[in-house]
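Following: one structure in structure tokens, then a few remarks.
The values are calculated or read from the model by the stated rules, or taken from the named source; none is laboratory data. Just so you know, these numbers come straight off a predicted model, no measurement behind them. All Cβ positions, glycine included, derive from the backbone under ideal geometry; neighbour counts span all protein chains shown.
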Amino acid sequence: MRQIITRAAFALALFPGAALAQDSLFMQLDANGDGVIDGNEFLQLRISMFDRIDADRSGTITAAEIETARQALPGKRTMQSDKRIWDQDANDDGMLTLAEYTAQTRGFDMADRNNDGVISSAEYNRIARFLAAYRP
């Protein structure tokens, strides 16, 4: 069964580090309800998003599928966002596999300011407010 993911969660997964300040999103990401987002919860989000973006169920994400997914997001995304996406393409074949898509954790690492392996609500809100201030 596919998870229903909010547009804000979609932005977080598609564009590492991108988030919107929404308490309900934090609660959605904190699947076990322990008050923090751990690496596994973030990984599960990334896996769900890969499934959502991979519209043709080929097991890879193409530039066309990313562009289609991007149309569902509010605001415009920059070339830097594209670079971050394609930096994940380890074999440089122009497609992202699930392994490539989930291998990097930049968004998680950016938010985990104290490097304790979890994102607290305060860490999440700090990043969300910062990114919201610079949204186009």
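Listed by first and then second residue, the pairs with beta-carbon distance under 7 Å, at least 6 apart or on different chains, first residue in segment 95-114 and under 14 Å from N125 (Cα atoms), second aromatic (F, W, Y) and surrounded by 15 or more Cβ atoms within 10 Å (Cβ to Cβ), are F108/F42; A111/Y124.
Here is a yes/no grid of residues against (1) surrounded by 13 or more Cβ atoms within 10 Å (Cβ to Cβ); (2) touching a Gly at 6+ places or on another chain (Cβ under 8 Å); (3) modelled with pLDDT of 90 or more; (4) not in a helix (DSSP H, G or I):
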| position | (1), (2), (3), (4) |
| --- | --- |
| A8 | yes, no, no, no |
| P16 | yes, yes, no, yes |
| A21 | yes, no, no, yes |
| S24 | no, no, no, no |
| D34 | no, no, yes, yes |
| L45 | yes, no, no, no |
| M49 | yes, no, no, no |
| A55 | yes, no, yes, yes |
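Of all the residues in segment 90-107, those that are surrounded by 12 or more Cβ atoms within 10 Å (Cβ to Cβ) and within 20 Å of L45 (Cβ to Cβ) number 11. Given the structure, is I85 touching a Phe, Trp or Tyr at 6+ places or on another chain (Cβ under 7 Å) and not aromatic (F, W, Y)? Taking the combined requirement at face value, the residue does not satisfy it. The number of residues in segment 88-120 being part of a helix (DSSP H, G or I), farther than 20 Å from D54 by Cβ and among the aliphatic types (A, V, I, L, M) comes to 2. All of D89, D82, D109 fail the test of being modelled with pLDDT of 90 or more and charged (D, E, K, R), apart from D89.
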